[in-house]
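Written out below as structure tokens is the structure these notes cover.
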Amino acid sequence: MSYEQARDELTDVVKRLEAGGLTLEESLGLWERGEKLAAVCEEWLEGARARLAAAMAAPETGEAPAPF
């Protein structure tokens, strides 16, 4: 799942929870799904941070940096 897919689905989960009108079981299921989606997003963001840190720490060789 891409970061964007996880983020968009997480946004939908939050909207559904905020709208209310769900049973306790439905709310718990959505909460659990939201936690999983948030973990996916965090994993992507940590990977991006690591790539940026590595790119910034790389010695300058006069070559153009590799595109993301």
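Every read-out reported here was derived from the displayed coordinates using simple, explicitly stated rules and does not represent laboratory data. If you're wondering where the values come from, they're calculated on a predicted model, not measured in any experiment. Methodologically, a virtual Cβ is constructed for each residue, glycine included, from the backbone with ideal geometry; neighbour enumeration extends over all protein chains shown.
Kindly evaluate LEU45 against the criterion of being in a helix (DSSP H, G or I) and either over 16 Å from the mean Cα position of the chain (by Cα) or not charged (D, E, K, R) (or both).
On the way: in a helix (DSSP H, G or I): yes; either over 16 Å from the mean Cα position of the chain (by Cα) or not charged (D, E, K, R) (or both): yes.
Spelling it out, LEU45 is indeed in a helix (DSSP H, G or I) and either over 16 Å from the mean Cα position of the chain (by Cα) or not charged (D, E, K, R) (or both).
For the stretch 1-29, which residues satisfy the criterion of being loosely packed, with under 11 Cβ neighbours inside 10 Å, under 19 Å from the mean Cα position of the chain (by Cα) and farther than 19 Å from GLU42 by Cβ? Before the answer, list the steps.
If we filter the stretch 1-29 for residues that are loosely packed, with under 11 Cβ neighbours inside 10 Å, which is where we start, we get 2, 4, 15, 18-21, 23-25.
Then keep just the ones that are under 19 Å from the mean Cα position of the chain (by Cα); that gives 2, 4, 15.
Once the filter is applied, which keeps residues that are loosely packed, with under 11 Cβ neighbours inside 10 Å, under 19 Å from the mean Cα position of the chain (by Cα) and farther than 19 Å from GLU42 by Cβ, the stretch 1-29 yields only LYS15.
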